[in-house]
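Here is the structure we will look at.
Every number in this text was worked out from the coordinates using simple rules, so none of it is lab data. Since the structure is predicted, the reported quantities are computational estimates derived from the model, not experimental observations. Cβ coordinates were reconstructed from backbone atoms using ideal geometry, including for glycine residues, and neighbour counts include every protein chain displayed.
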Amino acid sequence: MTRIIAGSARGRRLAVPGSGTRPTSDRVREAIFSALDSQLLATDAAWSEVVVLDLFAGTGALGLEALSRGARAAVLVERSRDAARILSANADAVGCPGAEVLVRDVRRLVAMPPPREGAGLVFVDPPYDWPAADIGDLLEGLAAAHWIADGARVIVERPARDPDSPIPAGWEQPRRRPYGDTALWYGRCAPSTDAGLSGEEGV
């Protein structure tokens, strides 16, 4: 069962497609959002300042969790039309404003203008067979196309067996945190001296 962990939609269950998606486990999501809550607290920032980009969104668990905690907006990108229908239904069920579902291959985004300002928080959960180098190229392209704001925090979920960093060279030194078969890579686009998670306002 996949559910919202905290915030206004706490406990709401999320539907999961029968195949083709790999929902982030509650344990891993708890680790992600515990780290993000700590960063916000340390910088006197608020979730209401955060714009989220959720790539390979699947059920939408990451982007919708952020909205439940008060994020200002979230763009959730999913290529599969079947999965996107379930994602849209999950967004409606959670009932948090600010969710926008895009049915696109994430690689096409670099040729499109973003629907709002660049995201200050980016979740990336590609299929495990995606090479780390391809993820890095995608992130660089999205930053150049202004989908990702300067200073944005980026969190990538990868198989723990893959030692290669998916964070682009030249971005903030990535941190890797293993959780069983999963590893989380934390990076930052074009580090700035400001604080927060809002991109234009800082981290």
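One table, with the values for the structure above:
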| item | result |
| --- | --- |
| Extreme residue, farthest from residue 29 (Cα to Cα), among residues of region 143-178 that are more than 14 Å from the chain's Cα centre (by Cα), assigned to a strand (DSSP E or B) and of a type in the set (Lys, Arg) | 175 |
| Among (1) in contact with a strand residue (DSSP E or B) (Cβ under 6 Å, 6 or more places away or on another chain); (2) surrounded by 15 or more Cβ atoms within 10 Å (Cβ to Cβ) - the single one residue 17 does not satisfy | (1) |
| Region 1-59, residues that are of a type in the set (D, E, K, R) and assigned to a loop (DSSP other than H, G, I, E, B) | 10, 12, 22, 44 |
| Residue that is farthest from residue 96 (Cα to Cα), among those in region 34-67 that are surrounded by fewer than 22 Cβ atoms within 10 Å (Cβ to Cβ) and in contact with a Lys or Arg (Cβ under 7 Å, 6 or more places away or on another chain) | 49 |
| Inter-residue pairs, beta-carbon under 7 Å, first charged (D, E, K, R) and in region 61-77, second in a strand (DSSP E or B), 6+ apart | 72/51 |
